[in-house]
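The values are calculated or read from the model by the stated rules, or taken from the named source; none is laboratory data. Because the structure is a prediction, the values reported are computed rather than measured. Using ideal geometry, Cβ is built from the backbone for each residue, glycine included, and neighbour counts are taken over all protein chains shown.
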Amino acid sequence: MTKINLLPWREEARELERKTFLGKLLVSALSAFTLVFLWVLLAQNQLDNQNSRNSYLQSNIAEMDKKVAEISQLKNKKQEMLSRMKVIQDLQGNRSEIVKIFDELVRAVPDGTYLDSLELNNSTFKVSGYSESNNRISALMRNLDMSHKYANSNLTKVQHDARMGEQGSVFDLQMEIERPAPAVSENTLQ
């Protein structure tokens, strides 16, 4: 029988299998490296995209914060303007009041009574003056109580003073001014 030597063929087959295995291993390693590289690139791209979106949002939030601050300043200015307008409207509405107050005071002062000083403090009116007698001071107080503008007249001081004669007096009188109720408009009812 002839002997056939199969050893070189087996070695060649083993060498071919080894080269095939190393080739497959190299292709697998290159494929894995490529996939990892692509995944890192994709993740980095998404991270950059998210960072750009975050910076865009932060810049817009900063702009909105500025606008909110401006709006609150405008609201404060609006409130100040409304309060100023209310003060002006109150002054315009009460402009004739002081004239009426002085007109009533002139009508209430009897002959022989002279006013020296007047002081208006909110709704309190203080009067100092001279009178020829205490009866004239009493008449002044009665006239003020009957007036439509004055209420609660209160004599705080009466002293004898010879400048106005034998029965002359110096007096201090305090009274309250009755303010008219503010007119109710349709806007305040709603």
Some residue of region 115-135 being assigned to a helix (DSSP H, G or I) and more than 30 Å from residue 89 (Cα to Cα): yes
Where residue 152 falls short, out of the listed (1) among the polar types (S, T, N, Q); (2) assigned to a helix (DSSP H, G or I); (3) surrounded by 11 or more Cβ atoms within 10 Å (Cβ to Cβ): (2)
Pair list, Cβ < 6 Å and 6+ apart or interchain, from region 158-180 residues that are over 15 Å from residue 140 (Cβ atoms) and without any contact (Cβ under 8 Å) to a residue 40 or more places away in the chain to residues that are part of a strand (DSSP E or B) and among the β-branched types (Val, Ile, Thr): 159/170; 161/170
Residue match in region 90-106 (condition: touching a residue at least 12 places away in the same chain (Cβ under 8 Å) and of a type in the set (Phe, Trp, Tyr)): no
Total residues in region 113-140, condition buried (at least 18 other Cβ atoms within 10 Å of the Cβ) and under 20 Å from residue 164 (Cβ atoms): 10
Filter result (at pLDDT below 85 and out of contact with any Phe, Trp or Tyr (no Cβ under 8 Å at 6 or more places or on another chain)) within region 161-186: 162, 165, 166, 167, 179, 180, 181, 182, 183, 184, 185, 186
Residues (within 60 Å of the chain's Cα centre (by Cα) and of a type in the set (Asp, Glu)) located in region 12-51: 48
Count - residues of region 82-112 that are under 46 Å from the mean Cα position of the chain (by Cα) and under 30 Å from residue 163 (Cα atoms): 6
